[in-house]
1. How high is the FRET efficiency from Leu116 to Ala10, r the C-beta distance, R0 25 Å, rounded to 0.05?
2. Just to verify a number: FRET efficiency for Ile54 and Ser125, C-beta to C-beta distance, R0 = 22 Å, to 0.05?
3. How many Å² of accessible area per residue for the chain, probe 1.4 Å?
4. Where the accessible area of the chain is counted over protein heavy atoms with a 1.4 Å probe, how much of it, in %, is carbon and sulfur?
5. Which option, [x] 2, 11, 21, 24, 19, 11, 6, 3, 2, 1, 0; [y] 2, 10, 17, 21, 19, 14, 8, 5, 2, 1, 0; [z] 2, 9, 13, 15, 18, 17, 12, 7, 4, 2, 0, is the value of P(r) over Cα pairs in 5 Å bins from 0, in percent that was calculated from these coordinates?
6. At a threshold of 8 angstrom on Cα-Cα distance, excluding pairs fewer than six apart, so keeping six or more, what relative contact order does the chain reach in percent?
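The values are calculated or read from the model by the stated rules, or taken from the named source; none is laboratory data. Fair warning: this is a prediction, and the values are worked out from it, not measured in the lab. Every residue, glycine as well, gets a Cβ built from its backbone with ideal geometry; the counts of neighbours run over all protein chains shown. Calculation scope for accessible area: heavy atoms of the full protein, side chains included, ligands and nucleic acids excluded. Shrake-Rupley method; radii C 1.70, N 1.55, O 1.52, S 1.80 Å.
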Amino acid sequence: LDFAFSVLNAGSGMRYIAMSEPVPLTFRTGVSFRPGQALFVLEAAVPVKGNPEILAGAEYSLTRALTFRAGLKYKTGAQYDFTSFLTAGLGFRLPFFEREGYYYELDYSFQPNSDLDNVHRVTLSGRY
């Protein structure tokens, strides 16, 4: 069981020439639990100004190279249908780049009906 807490955008606002804008101070906390090949996560984000959001997710590693993911993202006060809160994804570890503990991962996620219509995300990351 792991716990986390963070404060985002603490400090003075952003400044450009003679203009200054405050940044949105936000408090985040979360907990995760990893039983075997699965991972479960629950997170809350509370901005000082704005609506809080609750995020929940799960992933299951079918093999060392393939992981399935699903999640929910609920923002209080949002006017969306239920499917806009769902996310889904896949993760692939790329074995042909693996060298002495270094490896690369290719992740894909999909979120239907977000503020930007359907959102597809692709990430390539390296672990060193």
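1. Working: r = 28 Å, r/R0 = 1.11.
Given R0 = 25 Å and the Cβ-Cβ separation, E is 0.35.
2. Computed FRET efficiency for Ile54 and Ser125: 0.30.
3. Values: 9470 Å² over 128 residues.
Result: 74 Å² of accessible area for each residue.
4. Details: 5910 of 9470 Å².
Looking at the chain in its full context, I get 62 percent from C and S.
5. [z]
6. Numbers: 274 pairs, mean separation 17.4, N = 128.
Contact order relative to length: 14 percent.
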